[in-house]
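A short write-up of the structure that comes next.
The values are calculated or read from the model by the stated rules, or taken from the named source; none is laboratory data. Nothing here was measured: the structure is a model prediction, and the numbers come from that model. Heads up, the Cβs are rebuilt from the backbone with ideal geometry, glycines too, and the neighbour counts pull from every protein chain shown.
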Amino acid sequence: MGKFVFAVVAAVASLVLVESLSCNKCSFSLLGNCLNAVNETCPSTSNVCYTGRATFPSLPDFVGFNIQGCRENTTGCDTTTPDTMMGVTYNTKITCCSTESCNPITLSAAPSNKMAFSAAIGAAVLASTLGSI
């Protein structure tokens, strides 16, 4: 009897695991390249993957910034929202999908290039901030 109960519990647990959605996650992407890509299993409350992209109309050649991951629902999906930060206009577009790893990630170059690029961006932001004080 104990083996039967264990088999039933194992079968139910495997079905629950199969139903969990897996999405690509990128906490920060710059120039179209993800700096920290991972694959995440969404919590049971999430049923869509998303990609959020910020672009700048005044800089058409600049790819912008991305974030990606799991989302609880489709509210706000497939929308573009204009906004302004420090006098610069940008658009935020959120796209969603609901199949396994349906939000593709573009990976950046080798880790050493990531660090050099991150350091250069950090120095530029710091210089810009200090220059405006």
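The residue of segment 19-58 that is nearest to MET85 (Cα to Cα), among those that are without any contact (Cβ under 8 Å) to a residue 24 or more places away in the chain and within 12 Å of the chain's Cα centre (by Cα), is ASN36. Scanning segment 77-133 for residues that are modelled with pLDDT under 65, outside any helix (DSSP H, G or I) and surrounded by fewer than 10 Cβ atoms within 10 Å (Cβ to Cβ) yields ALA110, SER132, ILE133.
Where strands (runs of 3 or more DSSP E) fall entirely within segment 22-76, those with at least 2 residues that are of a type in the set (Ser, Thr, Tyr) are at 22-30, 48-55.
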